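Undergrad: Just dropping this structure here.
What follows is calculated from the coordinates using simple rules that are stated; it is not laboratory data. As the structure is a computational prediction, the values presented were derived from the model and not from experiment. Here the Cβ is made from the backbone with ideal geometry for all residues, glycine too, and neighbour counts use every protein chain on show.
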Amino acid sequence: MTLTTRQRLVMTFTFFSMFFGAGNLIFPPFVGAQAGSAALPAAAGFIVSAVGLPILGVIAVTFAGGFDALAGRVSHKFALLLGVAIILTIGPCFAIPRTATTSFEMMVTPFVASTAIVPARLVYSLVFFVLAYLFAQHPEKLSKVLGRFMGPLLLVLIAVIFIACLIHGIGTASQPSGNYANGQLARGFLDGYQTMDLLAALYFGIVISANIRDAHIDDESQVRRETAFAGIGTGVLLVIIYGVLSYVGVVSGAIAAIDAQHDTGATVLTNLTSSVFGTAGTAFLGIVFVVACLNVCTGLICTCATYFHERFRTIAGHTVSYRTWQVIFTVFSFAVSNAGLSVIIKVSVPVLAALYPISIVLVLLALTHQVLGERFPRVYFWAVLLVAIVSFATCVASLTTVFGGSLPWLEAALSWLPWHAYQLGWLAPAVLGILIGVADSIVRRTRR
C-alpha cells in the first residue's frame with residue numbers, strides 16, 4: 001500500500017512547515033539585499049547548503065533505518081550522546097524559545113510602548129506556547145494541522161509578498177556589499193550552512209514517519225520511501241521559496257540600503273513591507289512570522305518529546321509519558337523565551353557549529369555506505385572521532401571568546417587546518433579519518 005498523491009502533498013506541506021521558521025524567512029532576503037546585482041550566484045550557493053544538506057540528511061537517515069541506526073555505526077553510546085545533544089540544542093535550549101521571541105519582536109514590539117514590552121512578551125509567549133502545546137498533543141496527527149492548513153497558509157502569505165515585489169519592480173539593483181562584496185557563491189554556501197537545518201532534519205523524520213504510519217502504511221520499507229518522497233518534495237518547495245525570498249531581498253535592497261554589520265533579514269523585510277504596504281505591511285509581516293514560528297515550534301516540541309519518550313520512558317523508577325516530556329519542554333522553553341535568551345543564543349551558536357560537522361560526516365558516510373561503510377566499517381569511528389576532536393576544540397575556543405576570554409594557543413593550532421577560515425576546518429580531519437578507517441578495517445579483516 002502507498003500514499004495517494006493528495007496524501008503525499010499533505011506530508012510534504014507538513015515537512016515544509018516543520019522546517020520553515022523565522023531563520024528561514026530572514027536569511028534569504030538578507031542574502032539578496034547584500035548580494036544585489038550578484039544575487040543569482042549567492043542564492044545558488046545558499047540553496048545548495050540550506051536545502052541540499054538537510055534533504056540529503058532526511059534521505060540518508062531514512063534509508064539507514066533512523067538516526068540511532070546510523071549513529072550506532074559509530075557506537076550505541078555515541079548515538080545516545082549525540083542524539084541528546086542535538087535534541088536539546090535544536091529544542092528547548094535554543095530554537096524553540098527563539099520561535100516565540102522572534103515572532104514577538106516582529107508582530108508585537110512595533111506596536112507596543114517600550115515600557116510595556118516585558119508584560120506584553122510574557123502574555124504573548126504564554127499564548128504562543130499554549131497553542132504550540134495543543135497542536136503538538138498528537139504528533140501522528142500533525143499533518144492535519146500543519147499539512148492541511150498552516151503550511152499552505154504560509155505559502156500564500158509569502159506569495160503575497162512576492163507579488164508585491166513583482167508589481168513594485170527592482171529598478172536598479174544595488175551593488176554587492178558587506179560579506180557579499182566578492183565571492184558571492186562561496187559566501188552564500190557558508191550562510192546556508194549557518195541555518196543548521198541539517199540537525200533538525202536528522203530527527204524530523206521521526207514525526208513524519210508517525211504521520212505516514214497513521215495513514216495505514218505498515219510496511220517499514222514503504223514508510224521509509226514515503227518519508228524520502230516527502231523530503232524531496234520539501235526540498236523542491238524550499239528551493240522555490242528561497243529563490244523568491246532572495247528576489248524579495250534584492251527589491252528591498254534597491255528601496256533602502258542596509259548596514260550588513262547591524263541590520264538583519266528582518267530589517268530587509270520590514271523595509272519592503274512598510275514601503276509597499278505602509279503600516280499595514282508591518283502587521284502583515286508579523287503574521288507571516290507568527291505562522292512560520294508556530295509551525296516550527298510545534299514540530300520541534302513533537303520531535304523533542306517523542307525522542308525523549310522513546311528513550312527515557314522511566315526515570316528513577318517513575319514512568320514518564322509523552323505528554324509529560326511535552327510539558328517539560330514547553331514550560332522550559334516558555335521560561336527561556338522570557339529571560340536570558342540572548343545568553344542562550346550566544347552559547348548555543350558555538351555548540352551548533354560543533355555538532356553540524358559531525359552530522360554532515362554521518363550523512364555523507366550513510367550516502368556512500370555501500371561503497372565505504374559496508375566494506376570498511378571502521379571509517380565511521382575514525383572519521384567521526386577526528387571531526388569531533390576538531391569540532392569540540394573549535395567550540396571551546398568560540399565559547400571562550402563569547403565569555404570575553406581567549407585561548408591564543410588553541411586558536412593558533414586550529415588556524416593551521418586547511419579551510420579553517422571558511423568554517424570548514426573539519427574537512428581535512430574527515431578525509432584523514434576515512435583513510436585511517438579503511439586501513440584499520442583491512443588490518444582487522446586480515447587478522448581474522
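Undergrad: Note down the relative contact order for the chain as a percent, whole number, built from C-alpha pairs under 8 angstrom at least six residues apart. Kindly include the intermediate steps, with their values, before the conclusion.
TA: Values: 675 pairs, mean separation 131.5, N = 448.
Here the relative contact order equals 29 percent.
Undergrad: Along the charge dipole of the chain, Cβ charges K/R +1 and D/E -1, which of SER333, ALA210, GLN137 sits furthest on the positive end?
TA: ALA210
Undergrad: Here's a follow-up. Counting only helical runs of four or more DSSP H residues, what would the 222 nm mean residue ellipticity of the chain come to if each run contributes -39,500 (n - 2.57) and the total is spread over all its residues?
TA: Result for the chain: -24500 deg cm²/dmol, rounded to the nearest 500.
Undergrad: Please report, in debye to the nearest 20, how large the charge dipole of the range 368-448 is about its Cα centre when each Lys and Arg carries +1 at its beta carbon and each Asp and Glu carries -1 there.
TA: 540 debye
Undergrad: For GLN175 and THR314 in the same chain, what is the full-extension length gain: residue separation times 0.36 nm, less their Cα-Cα distance, in nm? The partial results should precede the final answer.
TA: Details: separation 139, 0.36 × 139 = 50.04 nm, distance 5.85 nm.
Extra length from GLN175 to THR314 when fully extended: 44.2 nm.
Undergrad: At 0.36 nm per residue, minus the direct Cα-Cα distance, what do GLN137 and HIS168 gain on full extension? Give it in nm, one decimal, please.
TA: Result for the pair: 6.9 nm of gain on full extension.
Undergrad: Could I ask something else about it? Could you tell me what fraction of 2.2 N^0.38 Å the Cα radius of gyration of the range 5-342 comes to, as a two-decimal ratio?
TA: Against the compact-globule rule of thumb, the ratio is 0.99.
Undergrad: Let me ask you something else. If a/c stays under 1.5 just call it rounded; otherwise compare a/b with b/c (prolate if a/b is bigger, oblate if not). Do that for the range 68-137, with a ≥ b ≥ c from the square roots of the Cα gyration tensor eigenvalues.
TA: Prolate is the answer for the range 68-137, as a/c is 1.5 or above and a/b outweighs b/c.
Undergrad: In debye, nearest 20, what is the charge dipole magnitude of the chain about its Cα centre with +1 on Lys and Arg Cβ and -1 on Asp and Glu Cβ, if you could check?
TA: The calculated dipole for the chain is roughly 960 debye.
Undergrad: Looking only at the range 81-98, which residues have a backbone nitrogen under 19 Å from a spot 7 Å from the Cα of LYS346 in the C-beta direction?
TA: 93-95, 97-98
Undergrad: Determine the shape class of the range 322-446: with a ≥ b ≥ c the square roots of the Cα gyration tensor eigenvalues, call it rounded for a/c under 1.5, and otherwise prolate if a/b is greater than b/c, oblate otherwise.
TA: It is oblate, given that a/c is not under 1.5 and a/b is not larger than b/c.
Undergrad: Of ALA421, TRP409, VAL371, which is farthest towards the positive pole of the range 368-448's charge dipole, taken about the Cα centre with +1 and -1 on the beta-carbons of Lys, Arg and Asp, Glu respectively?
TA: So the residue furthest toward the plus end is VAL371.
Undergrad: For the pair ALA116 and VAL402, how long in nm is the line joining their label points, each one 7 Å along Cα→Cβ?
TA: 3.4 nm
Undergrad: Using a Förster radius of 35 Å, what is the FRET efficiency between ARG447 and ASP219 based on their Cβ-Cβ separation? Nearest 0.05, please.
TA: That gives a FRET efficiency of 0.30.
Undergrad: By how many nm would the segment from ALA256 to ALA413 grow when fully extended, if each residue of separation counts as 0.36 nm and the alpha-carbon distance is taken off?
TA: That pair, ALA256 and ALA413, stretches by 52.3 nm at full extension.
Undergrad: Can you name the helices of the chain, as whole DSSP H runs, whose Cα span along the helix axis is 15 Å or more and whose Kyte-Doolittle mean is not below 1.6? Please list the in-between numbers first.
TA: On the way: long enough: 5-19 (21 Å, 0.51); 22-35 (20 Å, 0.89); 53-64 (16 Å, 2.39); 76-90 (21 Å, 2.07); 95-107 (18 Å, 0.17); 117-135 (27 Å, 2.05); 151-168 (26 Å, 2.73); 197-214 (25 Å, 1.10); 220-255 (52 Å, 1.08); 265-277 (18 Å, 1.00); 279-311 (49 Å, 1.28); 322-338 (25 Å, 0.62); 341-367 (37 Å, 2.39); 378-402 (36 Å, 1.84); 427-447 (30 Å, 1.05).
Counting only whole DSSP H runs, the qualifying helices are 53-64, 76-90, 117-135, 151-168, 341-367, 378-402.
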